[in-house]
1. How large is the charge dipole for the chain, taken about the Cα centre, if only the Cβ atoms of Lys, Arg (+1) and Asp, Glu (-1) carry charge, to the nearest 20 debye?
2. Which whole-angstrom value gives the distance between the alpha carbon centres of the range 263-297 and the range 96-135?
3. With 51 Å as the cut-off, how large is the P(r) tail for the chain, expressed as percent of Cα-Cα pairs?
4. Would you mind checking which residues have amide H under 5 Å from residue 760's amide H? H placed 1.01 Å from N; only 5 or more apart, or other chain.
5. Using alpha-carbon pairs under 8 Å, 6+ residues apart, how would you state the relative contact order of the chain in percent?
6. Roll a 1.4 angstrom probe over the protein heavy atoms and tell me the percent of accessible area of the range 109-215 that is carbon or sulfur.
7. Using a cut-off of 9 Å between beta-carbons, work out the net charge of the residues near residue 174 (Lys and Arg +1, Asp and Glu -1, residue 174 not included).
8. Is the shape of the range 49-204 rounded, prolate or oblate, going by the alpha carbon gyration tensor and its root eigenvalues a ≥ b ≥ c, with a/c under 1.5 for rounded and a/b larger than b/c for prolate?
Amino acid sequence: MRLPRVHLRLASTAAVRLHPPPSGAISHEIRGKNEWQLELDQHIARGQLAIARQVFDRIPAPDARAYNALIRAYSWRGPFHAAIDLYRSMLHRRVPPNKYTFPFVLKACSTLADLRSGRAVHGHAAAAGLHTDMFVSTALIDLYIRCARFGPAANVFAKMPMRDVVAWNAMLAGYAQHGMYQHAITHLLDMQAHDCLRPNASTLVSLLPLLAHHEALSQGTSIHAYCLRACLDQKEEQVLVGTALLDMYAKCKHLVYACRVFCAMPVRNEVTWSALIGGFVLCDRMVEAFSLFKDMLAQGLCFLSPTSVASALRVCASLSDVRMGTQLHALLAKSGIHTDLTAGNSLLSMYAKAGLINETMALFDEMAVKDTVSYGALLSGYVQNGKAEEAFLVFKKMQACNVEPDVATMVSLIPACSHLAALQHGRCSHSSVIIRGIASETSICNALIDMYAKCGRIDLSRQVFDKMAARDIVSWNTMIAGYGIHGLGKEATTLFLGMKNQGFAPDDVTFICLISACSHSGLVTEGKHWFNLMTQKHDILPRMEHYICMVDLLARGGFLDEAYQFIQSMPLKADVRVWGALLGACRIHKNIDLGKQVSRMIQKLGPEGTGNFVLLSNIFSAAGRFNEAAEVRVIQKLKGFKKSPGCSWIEINGSLHAFVGGDQSHPRSSDIYQELDNIMIDIKKLGYQADTSFVLQDLEEEEKEKALLYHSEKLAIAFGILSLGEDKSKTIFVTKNLRVCGDCHTAIKYMTLVRNRAIIVRDANRFHHFKNGQCSCGDFW
């Protein structure tokens, strides 16, 4: 490339000699250009780009040097599109760009991910014969990598006659940023083998996050050893290298090594502190993470960053320490970081997880800038706090503001459909993820499996499961759990065996789902087998949830004494949930004496909620011991526990209709009651008799029958029959917040006969598929 430049100089000299200009003209022109250039450079150096542009516009005939100076300034400081516009002006004025022009304008294209302009510049560089220049080629590689065009980037790289470590690093950084682990490792080895180049600090800082993401600890320790040999930990880049090493160890969950690297670093910055705090949060060591955060603040507020604050707020959310979270909020306001989007989103998440929805909404409204994460945090908060309808409103607002939902947002939204058992909303969400091209994401598929299962369509759950490109342990567990709540214990067992055949090792959650599925299907022997297999073959130590499932399995199956003995033999002290599982079975099997004994144990431990009081009261009421039932309700009231009223809801044409017992607030209330009366007349002809033992108050027999007649699930089913009309192909799907009572269970079986309809009821325990006078639970729930 040097020979042409020398040739051009000689040509110019010859031209001047042949055609001498007027005296003094050359010196005046050169002097004028030098003065303009000097003034332009001074303003650029001061960062006064607006003034520099004014100076540039006054230059009579700016040359490549002037263009390059301003294009370079724009490409570094912005506005980046101004660099591209100035380059086009340069071409328009027929000023030939040189090898200094192309790297700067390509940098602007790369920053804007403007592939179209970048390709045009590539063509101009090729026409000028400069496309293989080391600096131009490196800029082209960076552009194509930024735009995820690895083919063109590799072609440019391969055609470079000489490659320095910067060019190699550009390719490696691209592979690392896009998670291409094998490509990055191969590229690193080729760099040392082909061009005999040694990786520098930039190489390793690009590579280490990729190793951290893949938890490639052995490769990470090899990199660490290389750093020590090459003394990279003692040079000016030591903060960058040390922080990257620390982050790698933390994300590989080797906090001891991370702490050693941290302690060995003589200089640390805010990123170093954030990486270590984030590592402790990742390993769920929240108390130590917050202690580190306080140590960081003691070193000075200069180390405070949005990332470290985000980690600290996550700690507050995990520890349910709202007081400390609000103090951090105040600290952020004082330091000015509260306006940062990352910090604001972390605050939103903290308040939402704490159940402080009003505070979450107020903060959301105050935020000047909101992104997908902001809406996702608010939406997730509503879903986690049982406000599914509000979550849908947030999603609609998000769409109205043209904020594109990401995978995390949809994973938060889909459970809202599950909570409301809103199948049509769920199908719309499914369509939405298909349109956005994220339906194949494993986390999305897992959410869809759970949603369809909880909306009564276990068949659609299985379809999603079977079509998944990649399954993880959550996929298998969710599908097994779905079969469980539908009482399909044998299908759950078959799936579990298929999971093992495909090489997936079950975890502790797998066995919770499996034993629970056996419990809902009355498969007591099978459930006991899986529990023993878990401990003996898979070396999984049972936790409280496993014991709860086992007690529920034995007790529901009528083995109350065995369940009681099982609790007594537990290596852990049984908590309220374990005893509550046994208490529930005492009610089903009407074992009052054991129920009272279990109740005393619960009273000692302190009931966790209303459920256990209600269970004991119901046991007494069912036995006709209404005075003792009343005493339990008095104690319940004195302790501040309130019973949730029975509520059922049904989705018709995308709209949810809710009912409570004896409800007359619905616009079609008179039609609903008339239809229900007609149904009761018809089912009594088939032999239905109201089971008044499920009326838990001391009433006359006729009053008891009336109380049973207008239970919320019966009202919802009657409305469903009215709304769906003569279309017998549509299944009526009702959700109830409590366990369906025995009388309603019997009545619904008769309803399927007199109205020739399939009915599905999801109660607090499981699904009941009613058809042709039968229920899928086999009267076992």
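1. 2080 debye
2. One Cα centre to the other: 42 Å.
3. 34 percent
4. 732, 733, 734, 770
5. On the way: 1071 pairs, mean separation 35.2, N = 781.
Reported as a whole number, the value is 5 percent.
6. Values: 2780 of 4980 Å².
So the carbon and sulfur contribution to the accessible surface is 56 percent.
7. Its environment carries a net charge of 0.
8. Because a/c hits 1.5 or more and a/b exceeds b/c, the range 49-204 counts as prolate.
The values are calculated or read from the model by the stated rules, or taken from the named source; none is laboratory data. Just so you know, these numbers come straight off a predicted model, no measurement behind them. Counting neighbours? That spans all protein chains shown, and the Cβs are built from the backbone with ideal geometry, glycine included. Just the protein is used for accessible areas: all its heavy atoms, side chains included, with ligands, DNA and RNA removed. Shrake-Rupley method; radii C 1.70, N 1.55, O 1.52, S 1.80 Å.
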